[in-house]
Amino acid sequence: MKFAVIVFPGSNCDVDMYHAIKDELGEEAEYVWHDENDLSGFDGILLPGGFSYGDYLRSGSIAHFSNVMAEVKKAAEQGKPVLGVCNGFQILLEAGLLPGAMKRNEGLKFKCEPASLKVVNAKTLFTSGYTENQVISVPIAHGEGNYFCDELTLKRLNDNSQIVFTYSENPNGSLEDIAGIVNERGNVLGMMPHPERAVDSMLGSSDGIKLFQSIVKNWREAHVTTS
């Protein structure tokens with residue numbers, strides 16, 4: 001499976017994402033600059049964390065106008081897995097690929113610490129390697145991770161089982177402890193915690209590797225035939 005790691009001016013978690021795919025998972029990965037206009041050669045799309053375009057206006061608000069985002073939307077429409085982490089999640093929200101918005105953390109402080117997450121939905125292509133209600137440890141590092149949406153959107157998220165991860169202890173004021181959501185189709189995931197920083201016990205946790213393993217397993221089951 002071949003992944004595109006999208007790089008915007010100000011991205012700073014692209015190397016972590018590349019390492020998780022290439023070195024820990026053993027799959028193909030390439031850095032793709034934000035002005036690229038063809039992602040057809042990739043099976044999965046990864047939007048890493050950082051401070052794209054300096055987080056001017058709002059986090060992710062400028063990045064979603066980049067040339068590559070038209071291709072990211074096309075990949076999502078084709079059913080390819082799209083993962084946005086931290087700033088990548090914010091970009092997916094700004095691009096309309098996921099519902100809702102991000103506000104500043106409660107207390108207006110940047111939070112950088114391990115976080116306990118509950119796997120609320122283990123039936124997605126991103127979480128099939130986990131069990132329902134499993135608690136995992138994945139670090140956070142953000143100043144604008146306070147997820148918010150209106151009541152109708154929240155009802156839709158709950159009704160469609162689109163809430164995938166919740167915080168065991170809410171670090172940022174996020175609505176209903178939401179840490180990660182998927183689109184209705186289930187192939188686009190946005191999450192504030194960093195699974196790519198939890199792929200080896202030397203990093204403090206290896207709980208994040210199962211997310212990437214789940215993507216590959218589901219992709220192979222759908223695309224690889226054996227005789």
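Using label points projected 7 Å from each Cα along Cα→Cβ, tell me how many nm separate residue 131 and residue 168, to one decimal.
In this crude label model, residue 131 to residue 168 measures out at 1.5 nm.
Give, as ranges by residue number, the residues of the stretch 65-88 whose backbone N falls under 12 Å from the point 7 Å along Cα→Cβ of residue 37.
67-68, 70-71
Under the classification rounded if a/c is under 1.5, otherwise prolate if a/b is larger than b/c and oblate if not, where does the stretch 2-223 fall, given a ≥ b ≥ c as square roots of the Cα gyration tensor eigenvalues?
Because its axes are fairly even, with a/c under 1.5, the stretch 2-223 counts as rounded.
Amide H neighbours of residue 2 under 5 Å, counting only residues 5+ apart in sequence or on other chains, H built in-plane at 1.01 Å?
Distant-sequence amide H within range of residue 2: 43, 44.
Share of antiparallel DSSP beta bridges in the stretch 2-223, in percent to the nearest 5?
Percentage antiparallel, nearest 5: 60.
Would you please give the FRET efficiency between residue 113 and residue 206, computed as 1/(1 + (r/R0)^6) with r the Cβ-Cβ distance and R0 = 22 Å, to the nearest 0.05?
0.80
Assuming a strict under-21 Å limit between Cα atoms, what lysine pair count do you get for the stretch 2-223 once near-sequence pairs (fewer than 8 apart, same chain) are dropped?
Lysine pairs meeting the criterion: 19.
Please work out how much length the chain gains when fully extended from residue 220 to residue 151, using 0.36 nm per residue of separation minus the C-alpha to C-alpha distance, in nm with one decimal.
Gain on extension, residue 220 to residue 151, equals 21.1 nm.
Of all accessible surface on the stretch 2-223 at a 1.4 Å probe, what whole percent is carbon and sulfur?
Ligands and nucleic acids excluded, carbon and sulfur give 48 percent.
All other residues with a Cβ under 14 Å from the Cβ of residue 12 taken together, and with Lys, Arg as +1 and Asp, Glu as -1, what is their net charge?
Local net charge: -3.
Hey, can you grab everything whose amide H is under 5 Å from the amide H of residue 84? Only 5+ residues off in sequence or another chain; H modelled, so Pro and N-termini drop out.
For residue 84, whose amide H was placed from the backbone, the distant partners under 5 Å are 47, 189, 190, 191.
Considering only the other residues whose Cβ falls under 13 Å of the Cβ of residue 163, what net charge follows from Lys and Arg at +1 and Asp and Glu at -1?
Around residue 163, the surrounding residues sum to -1.
Rolling a 1.4 Å sphere over the protein heavy atoms, what is the accessible area per residue of the chain, to the nearest Å²?
Using a 1.4 Å probe on heavy atoms only, each residue of the chain averages 45 Å².
The values are calculated or read from the model by the stated rules, or taken from the named source; none is laboratory data. These figures come from a predicted structure and were not determined experimentally. Cβ sites come from the backbone with ideal geometry, for glycine too, and all protein chains shown count toward neighbours. Remember, those area values only see protein heavy atoms, side chains included, never the ligands or the DNA or RNA. Shrake-Rupley method; radii C 1.70, N 1.55, O 1.52, S 1.80 Å.
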